[in-house]
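Single-structure report; data block below.
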Amino acid sequence: RRPPRTRRVVLTMAAASVGVIVLGQTNMSIQSAHAAGLLRSAAEQTMAFSDPTPGPGEYLRVHTHANWLVGRSGTAGNDMFSMNAQTIDVYVPGDPSRDWVLDRDWGAIAPRPGQKDTIHAPGGEFYGIPWTVIDKQELIGLPREGKALIEHFNAQYQGGSASRDEDNFVRITDLLRTGLVPADLRAGLYEALALIPGVNASEQTNFDGKPGISIGRSEPLRAGQRDEIIIDPATGLVIGERTVMTYALFGLGANNLTAHTAIDYSIVGSVPPANQPAMEAGGPEK
């Protein structure tokens, strides 16, 4: 739920703050330029790095170790919020005729105590919808150059986010964090991120402690909520993400992580057996 926003204009303070505002804009410009340089470097590394690619009978395993803020209803009917760690392994077959596999440990929020899901499904439709945010044909049809990608996403904008810039950032990072974006498109997406106002960079570690470069953006219309992806500068691969609430929310106080993940990739020759069926879209299990 987005907190209410209040807008006030205090003329007497505005004149006194001009110097601070200019300094802040200059500092943001320097940060954005630094981020743009790192993103260009990531694009170059991406094109030079050979992505792990499964052969016949093999799978690309995308392993995510995540710590996410979750909400539950307490016994008194009140909302309760806490962090929950879980692991998600998605196995993408080298042979497109084979099922994708999801192996998920829900952690403390499992629908049933100790529940772990292993689901096999064509195209990754484990819960009745595709696991990835965009299908393969759409990926093939996307532009590969940064400016053209921004223009494409601008055309898709329907006002659903706090701003068009936030929407572009979310669309791009949603794609990147799947771990399934081909190298040429990934390089273009990094170039596109460098064109979004307010994007900056810092050194961060992923949830498993692996160091990388965090590319992030704070959304002014969400009181400074900061979303980040963490990139391995040696390969250009996304190795994690973070969300930082720079304001107090859900009783957690300010500057708290509400999402922190680690992502890695490997090629494997086998997958775990299913322990439950996939689900129909919006309905019961198949």
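The values are calculated or read from the model by the stated rules, or taken from the named source; none is laboratory data. Treat the numbers as computed from the prediction; the structure is a model and nothing was measured. Please note: Cβ atoms are built from the backbone with ideal geometry, for glycine as well, and neighbour counts cover all protein chains shown. What goes into the accessible areas is simple: the full protein's heavy atoms, side chains included, and nothing from ligands, DNA or RNA. Shrake-Rupley method; radii C 1.70, N 1.55, O 1.52, S 1.80 Å.
Can you name the residue in the range 238-286 that is at pLDDT below 90, closer than 24 Å to Trp131 by Cα and of a type outside the set (Ser, Thr, Tyr) and, of all such residues, is surrounded by the most Cβ atoms within 10 Å (Cβ to Cβ)?
So the residue we want is Met279.
Scanning the range 64-76 for residues that are part of a strand (DSSP E or B) and at pLDDT below 75, which turns out farthest from Glu241 (Cα to Cα)? Spell out how you get there, then give the answer.
Initial filter on the range 64-76 (part of a strand (DSSP E or B)): 64-73.
Pick out the ones that are also at pLDDT below 75 and you get 71-73.
Working: Gly71: 20, Arg72: 23, Ser73: 27 Å.
Result: Ser73.
Looking only at the range 105-125, count every residue that is of a type in the set (A, V, I, L, M, F, W, C) and part of a helix (DSSP H, G or I) and tell me the total.
Of the residues in that region, 2 qualify.
Mind checking which helices (runs of 4 or more DSSP H) fall wholly inside the range 126-221 and carry at least 2 residues that are touching a strand residue (DSSP E or B) at 6+ places or on another chain (Cβ under 7 Å) and in contact (Cβ under 8 Å) with a residue 24 or more places away in the chain?
Because the criterion is at least 2 residues that are touching a strand residue (DSSP E or B) at 6+ places or on another chain (Cβ under 7 Å) and in contact (Cβ under 8 Å) with a residue 24 or more places away in the chain, the helices (runs of 4 or more DSSP H) in the range 126-221 that meet it are 164-176.
Filter the range 166-190 down to the residues that are surrounded by fewer than 21 Cβ atoms within 10 Å (Cβ to Cβ) and either of a type in the set (Asp, Glu) or touching a Pro at 6+ places or on another chain (Cβ under 7 Å) (or both), then identify the one that is farthest from Gly236 (Cα to Cα).
Asp167
Can you give me the number of residues within the range 185-212 that are closer than 20 Å to Ser50 by Cβ and among the hydrophobic types (A, V, I, L, M, F, W, C)?
3
Could you give me the residue pairs with C-beta distances under 7 Å whose first residue belongs to the range 256-267 and is over 17 Å from Ile88 (Cβ atoms) and in a strand (DSSP E or B), whose second residue is of a type in the set (Asp, Glu) and open to solvent by 30 Å² or more (accessible area, probe 1.4 Å) wherever it lies, and which are 6+ apart or on separate chains?
The qualifying pairs are Ile267/Glu58.
To keep it simple, each residue is scored yes or no on (1) in contact with a Pro (Cβ under 7 Å, 6 or more places away or on another chain); (2) open to solvent by less than 80 Å² (accessible area, probe 1.4 Å); (3) modelled with pLDDT under 50.
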| position | (1), (2), (3) |
| --- | --- |
| Arg8 | no, no, yes |
| Gly19 | no, yes, yes |
| Ile30 | no, no, no |
| Gly37 | no, yes, no |
| Ala43 | no, yes, no |
| Met47 | no, no, no |
| Glu58 | no, yes, no |
| Val62 | no, yes, no |
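Tell me which of these Gly188 doesn't satisfy, since it passes every other one: (1) modelled with pLDDT of 90 or more; (2) more than 18 Å from the chain's Cα centre (by Cα); (3) not acidic (Asp, Glu).
With respect to (1) modelled with pLDDT of 90 or more; (2) more than 18 Å from the chain's Cα centre (by Cα); (3) not acidic (Asp, Glu), Gly188 is out only on (2).
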